[in-house]
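Notes for the one structure printed next.
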Amino acid sequence: MQRVLQGNKVQKMLSDKMHEASNRTDFETAAFFRDRIKALSQIQMIQDINTHYIEDADIFALVQHGGQTCVQIFFFRQGCNYGNIPYFPAHSESLEPADILESFIGQFYAGRIPPQTILVSHSSPEVLDLSPILSEIHGKKIKIMAPQRGGRARLITRALENAKLAIDRRILEKTTQHKTLKELQILFDLEKSPERIEIYDNSHLQGTNPYGVMVVAGSDGFIKQAYRKFAIKNKENQPAFGGDDFEMMREVFRRRFARIEQEEWAVPDLIFVDGGKGQVSATLEVLNELGLEIPLVGVGKGPNRNAGEETFYRKGQAPFNLPKNHPLLFFIQRLRDESHRFAIGTHRAGRTKNLTSSPLDQIPGIGGKRKKLLLQHFGSAKAVSQAGIDDLLQIEGISSSIAKIIYNHFHEA
């Protein structure tokens, strides 16, 4: 216990120093103390929370502070602590903590199997009533408790402390993000601090399986639910194989920004495209066609394609570079790297799908059963494409109308 009390004092001291640095806008120092707090809390979590009080249990601790709500979850299996995850659920301001916890727990176990014991920091009849509901759904007895004393109560206390630290880190990160976005406004001479930034990248392998992607970031970091992927098509609406990066980017922009007129997607305050003068010119063509004026910056990889040598391109301005240790350069690199990661992942997924797909999958009315019959009879999709209608009719289960559909699919101009 003495060790725990000493750890709490150190955490309190570091937290005070973090807030002092943040208040004087020394965000680099504040981030240093934030990371120290995080490291210390992880050490304490391992030392203090691995106890003999429980075997299998999940702990839910809810804290509200600074306009934020955090639900910290600890996972215990066979008496050992298997880590923790903080969540920041969106909710109506009128909801009480127990109501938030009730809704959160119900959603959390919608796709997960709960342990036999669930410990909660806030109790209400509605929270406790989840016990028989979860028991019935999962076919085993599940008990929800809000311990007030003893070892289990101390576990709740530790989880609440971690939830408070998670909120402190989130508030600091958000403050740092706001400062960064303000500096971005100054660097690129924007009318306001950007609330929505869109980053675009393309990926293909020698022109095959081309995809364009859009990554979105804002004051809370990356907005992953707003990410979008675009399978590149040519004029015949078939997969494009040219590998023309400029034309690929034009198509992505036409498809994305046509949605503004339909009021489907928000208008970004700033756009980054992966590339140099050519990509900037190609994308500006589309924006001009659509009558849109949105600040756009090309991020070139530099002469040696090394991080830190990026060149920035804007319409009507000379290209420029930032010092290698400039904080905004690190921020823009993070945006660019995330778009690159998403583009590569999307391309690989599409390539894998194509490798396992068959030309027969594109024929209307040909499901798995008929596809199997065709392949068993002819041996390959290519052989099916060369078969005549009479050949197709030799297969049991292929009617005259289906045979015509298959034949026409491969032979119509």
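The values are calculated or read from the model by the stated rules, or taken from the named source; none is laboratory data. Computed from a predicted structure; not experimentally measured. Reconstructed Cβ throughout: ideal geometry from the backbone, glycine too, with neighbour counts over all protein chains shown.
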Q) Checking GLN107 against (1) surrounded by fewer than 13 Cβ atoms within 10 Å (Cβ to Cβ); (2) under 24 Å from ASP220 (Cβ atoms); (3) at pLDDT below 90, which single condition isn't satisfied? A) (3)
Q | Options ALA153, ALA159, ALA163, ALA146: the member that is surrounded by fewer than 17 Cβ atoms within 10 Å (Cβ to Cβ), over 24 Å from ARG334 (Cα atoms) and among the aliphatic types (A, V, I, L, M) | A | ALA153
**Q.** Flag for ILE156 being in a helix (DSSP H, G or I) and closer than 19 Å to PHE60 by Cα
**A.** yes
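Here is a yes/no grid of residues against (1) modelled with pLDDT of 80 or more; (2) within 22 Å of ARG259 (Cβ to Cβ):
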residue	(1), (2)
HIS178	yes, no
LEU184	yes, no
PHE188	yes, no
GLN206	no, no
GLY212	yes, yes
VAL215	yes, yes
GLN225	yes, yes
GLN238	no, no
PHE241	no, no
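Condition first: in contact with a helix residue (DSSP H, G or I) (Cβ under 9 Å, 6 or more places away or on another chain), at pLDDT 95 or above and part of a strand (DSSP E or B). Can you find one or more residues in region 274-281 that meet it?
Quick first cut of region 274-281, residues in contact with a helix residue (DSSP H, G or I) (Cβ under 9 Å, 6 or more places away or on another chain) only: 274-275, 278-279, 281.
Checking which are at pLDDT 95 or above leaves us with none.
Among the residues of region 274-281, not one is in contact with a helix residue (DSSP H, G or I) (Cβ under 9 Å, 6 or more places away or on another chain), at pLDDT 95 or above and part of a strand (DSSP E or B), which makes the answer no.
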Q | Whichever residue in region 349-399 is of a type in the set (Ser, Thr, Tyr) and over 30 Å from VAL213 (Cβ atoms) and, among such residues, is modelled with the lowest pLDDT | A | SER380
Q) Just for region 375-402: of the residues that are charged (D, E, K, R) and farther than 17 Å from ASP361 by Cα, which one is nearest to the chain's Cα centre (by Cα)? A) GLU396
(Q) For region 140-153, which positions are part of a helix (DSSP H, G or I) and in contact with a strand residue (DSSP E or B) (Cβ under 7 Å, 6 or more places away or on another chain)? (A) ARG152
Q | Only one of ARG250, ARG259 that is surrounded by fewer than 20 Cβ atoms within 10 Å (Cβ to Cβ), out of contact with any Lys or Arg (no Cβ under 6 Å at 6 or more places or on another chain) and modelled with pLDDT of 90 or more | A | ARG250
Q | Those residues of region 83-105 which are among the aliphatic types (A, V, I, L, M) and over 15 Å from ASP129 (Cβ atoms), in sequence order | A | ILE85, ALA90, LEU95, ILE100
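Residues being touching a helix residue (DSSP H, G or I) at 6+ places or on another chain (Cβ under 8 Å) and either surrounded by fewer than 13 Cβ atoms within 10 Å (Cβ to Cβ) or not small (Gly, Ala, Ser) (or both): count how many of those fall in region 360-381. Break it down into steps so the answer makes sense when it comes.
Just the residues of region 360-381 that are touching a helix residue (DSSP H, G or I) at 6+ places or on another chain (Cβ under 8 Å), to begin with: 360-366, 370-371, 374-375, 378, 381.
Imposing the further condition that a residue be either surrounded by fewer than 13 Cβ atoms within 10 Å (Cβ to Cβ) or not small (Gly, Ala, Ser) (or both) reduces the set to 360-366, 370-371, 374-375, 378.
Going through region 360-381 one residue at a time, the tally reaches 12.
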Q) Only one of these conditions is not met by ALA30: (1) at pLDDT 85 or above; (2) not assigned by TED's automatic domain parsing to the domain that holds ILE167. Which number is it? A) (1)
Q. Among the numbered criteria (1) loosely packed, with under 14 Cβ neighbours inside 10 Å; (2) within 27 Å of the chain's Cα centre (by Cα); (3) at pLDDT 85 or above; (4) of a type outside the set (Gly, Ala, Ser), which single criterion is violated by PHE312?
A. (1)
